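Shown next, in structure tokens, is the structure this report addresses.
The values are calculated or read from the model by the stated rules, or taken from the named source; none is laboratory data. What you see is a predicted model, and the numbers here were worked out from it, not measured in a lab. A quick note on method: Cβ atoms are made from the backbone with ideal geometry, for glycine too, and the neighbour counts reach across all protein chains shown. Side chains included, ligands, DNA and RNA excluded: accessible areas come from the protein's heavy atoms. Shrake-Rupley method; radii C 1.70, N 1.55, O 1.52, S 1.80 Å.
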Amino acid sequence: MTFSNFSRFLRQLATYLFATLLGAVLTASVVLPARAGERSLVSPKPPLVAQRTDKVGASLSAEAAIASNGSSFVTASVNRVGSAVVRIDTERTVTRKLDPMFDDPFFRRFFGDDLGMRMPQQERLRGQGSGFIIDRSGIILTNSHVINKADKVTVTLKDGRTYTGKVQGADEVTDLAVVKIEGGSDLPVAPLGDSDIVQVGDWAIAVGNPLGLDNTVTLGIISTLKRSSAQVGIPDKRLDFIQTDAAINPGNSGGPLLNSQGEVIGINTAIRPDAMGIGFAIPINKAKAIKDQLARGQKVSHPYLGIQLFNLTPELAAENNSDPNSPFEVPEVNGVLVVKVLPNTPAAEFGIRRGDVIVQIDEQPVTSADQLQALVENSHVGQVLQLKVVRGNETASLGVRTGQLENQS
């Protein structure tokens, strides 16, 4: 080989080695992980389905859409909770009063003096609702209105087993009740979730026995949170509901509202008869706070003042004051207007008047009836609350001792 040929060979070899090295470098740069703020040119292999462990130690898929066996998350949730959902059948005796006209001598001429004896005096009324077991011994959560005034309570499990139920405690103000299965042991339990972390748009699964159709499941979403009982149309309750479009019907009352992991986040309670696809559930954290008291048969404390309220702004006050037909003038301030003081209540006893505007409680400004109600609810029965009240052109400070709001039986 001549020197010129040898030189040409070295140049070709160098070129080949350089090209090979450059190709290796470029290939390596493609598969290296991306640094912060950069995207890799090749998508990494997706990891296996992520897992989480809930409070009872059950491993659940973090992929809400598909369960590990290929079924939907609804199936997985219902399989987890369904056996703990029960049907509650109730019976109660109602005594009927005879119409006074049957005491008229005219009727007794035809029917005789034994008319009252032959007419039915009593009748048995039957009702049905839902509930769910929260303790293996047979403790059940349901609605107060499901078991209200019941003489007999029968609990039926999904597998057909039937038990006698005993009402341990009920609170009509929150519409919650606890029923104990007599002789129950090692029963299926529904896991309780955390209603404080529920968000609008989350999945919602309603389980229960609507219209006598046992073991019915419906699916929807959480459509809003903190819907007050006054807005729902039941002002005698003290609740902020979870609103859902999962179908709820008569018989669903007391049954669980589940999240996509099969945890109870609410207790199905109410519907709006004038609306389609709107149902309401009591947040499960509300039930957690009082379930042990109810299970022990204890009364739940509900401090109250005894006033009916209306949110007031300067603009609304000015509009009212400019109306010649307005029953009274109100101060043009932000606060809560007292529209009625109920007789024989703490408010009446301690001098609150119709037309007063409450602007502070214990030096905390209040601008809405819901806010004022929450402050009172979070106090204690017998606690003296210092109210700052605007009355006409004057401002007064009133100390009002809260009373116990009784169940309206």
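Overview of results
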read-out	value
Failed condition for I267, given (1) modelled with pLDDT under 95; (2) crowded, with 24+ Cβ neighbours inside 10 Å	(1)
Residue match in segment 169-179 (condition: under 22 Å from T93 (Cα atoms), of a type in the set (V, I, T) and touching a Gly at 6+ places or on another chain (Cβ under 7 Å))	yes
Any hit, segment 162-185, residues being farther than 16 Å from I147 by Cα, of a type in the set (S, T, Y) and within 15 Å of the chain's Cα centre (by Cα)	no
Residue match in segment 270-281 (condition: open to solvent by 30 Å² or more (accessible area, probe 1.4 Å), assigned to a strand (DSSP E or B) and touching a helix residue (DSSP H, G or I) at 6+ places or on another chain (Cβ under 7 Å))	no
So Q293, is it out of contact with any helix residue (DSSP H, G or I) (no Cβ under 8 Å at 6 or more places or on another chain), outside any loop (DSSP other than H, G, I, E, B), in contact (Cβ under 8 Å) with a residue 60 or more places away in the chain and surrounded by fewer than 20 Cβ atoms within 10 Å (Cβ to Cβ)	yes
Conditions (1) in a strand (DSSP E or B); (2) open to solvent by 50 Å² or more (accessible area, probe 1.4 Å); number of the one not met by G220	(2)
Test: residue in segment 106-121 that is open to solvent by less than 60 Å² (accessible area, probe 1.4 Å), at pLDDT 90 or above and of a type in the set (G, A, S)	no
Candidate set: segment 232-250, residues that are part of a loop (DSSP other than H, G, I, E, B), touching a helix residue (DSSP H, G or I) at 6+ places or on another chain (Cβ under 7 Å) and farther than 20 Å from S77 by Cβ; chosen: the one least open to solvent (accessible area, probe 1.4 Å)	L239
Matching entry among I234, I284 (being at pLDDT 90 or above and of a type in the set (A, V, I, L, M, F, W, C))	I284
Tally of residues being under 11 Å from G254 (Cβ atoms) and among the aliphatic types (A, V, I, L, M) across segment 134-148	4
Subset of segment 157-211 that is of a type in the set (V, I, T) and open to solvent by less than 30 Å² (accessible area, probe 1.4 Å) - its residue that is farthest from G277 (Cα to Cα)	I181
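Yes/no matrix, rows are residues, columns are (1) of a type in the set (A, V, I, L, M, F, W, C); (2) within 15 Å of the chain's Cα centre (by Cα):
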position: S137; (1), (2): no, no
position: V200; (1), (2): yes, yes
position: L211; (1), (2): yes, no
position: V217; (1), (2): yes, no
position: I222; (1), (2): yes, yes
position: L225; (1), (2): yes, yes
position: P235; (1), (2): no, no
position: D240; (1), (2): no, yes
